[in-house]
Amino acid sequence: MKACKLGHTEILKILLDRGEEYNKRNLLGISPILMACEYGQTEIFKILLDRGVDCNNYNKRGQSPLMIACRSCSNEIVIMLLDRGADYNECDGSGESPIMVVCQHGNTEIVMMLLDRGVDCNICDIYGRSLVMKACEHGHTELVQLLLFV
């Protein structure tokens, strides 16, 4: 797990070659793929994909790899997940979708990727906050302007 977090690609390859389980979770329910998404470890992510890791591997809060990659603003990983058919409208256990998380963090590039894929931009969280409201709350002016014209 540490190899995934810290980006130690060669160590990960050795462990996987020796039979280490790549879908195994730690005590917090986090798998290597989720760890790679959270820490933006693109090369680790690619290695795990090449080994056939399950991209529908959720954590205990119902967050998918896409949700976690969006939260950590890992653009390259988001692209790879979208290309593999990740569900970009799916909400986690607290009712948030990937685009909601991105609006909080202000990554305009990921928002554009999701909009280009046809994400539901009229979605609201469980408190009734829209994407524009989330971007406003966090002071992301450029994103607010973008969302107002979608």
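Could you check region 116-131 and list, in sequence order, the residues that are under 15 Å from Leu146 (Cα atoms) and part of a helix (DSSP H, G or I)?
Within region 116-131, Asp116, Leu131 qualify.
Conditions tested, residue by residue: (1) buried (at least 16 other Cβ atoms within 10 Å of the Cβ); (2) touching a helix residue (DSSP H, G or I) at 6+ places or on another chain (Cβ under 9 Å); (3) in contact (Cβ under 8 Å) with a residue 40 or more places away in the chain.
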{"position": "Ile11", "(1), (2), (3)": "no, yes, no"}
{"position": "Leu16", "(1), (2), (3)": "yes, yes, no"}
{"position": "Ile33", "(1), (2), (3)": "yes, yes, no"}
{"position": "Glu43", "(1), (2), (3)": "no, yes, no"}
{"position": "Leu48", "(1), (2), (3)": "yes, yes, yes"}
{"position": "Gly62", "(1), (2), (3)": "no, no, no"}
{"position": "Leu66", "(1), (2), (3)": "yes, yes, no"}
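Checking the conditions here, which among Glu76, Glu96, Glu109 is under 18 Å from Lys134 (Cβ atoms) and either surrounded by fewer than 18 Cβ atoms within 10 Å (Cβ to Cβ) or among the β-branched types (Val, Ile, Thr) (or both)? Spell out how you get there, then give the answer.
On the way: Glu76 fails: under 18 Å from Lys134 (Cβ atoms); Glu96 fails: either surrounded by fewer than 18 Cβ atoms within 10 Å (Cβ to Cβ) or among the β-branched types (Val, Ile, Thr) (or both).
Only one candidate passes the filter, namely Glu109.
Coordinate-derived values only; no laboratory data. Note that the structure is a prediction, hence the values are computed from the model and not measured. Positions of Cβ are generated from backbone atoms using ideal geometry, with glycine treated the same way; all protein chains shown enter the neighbour counts.
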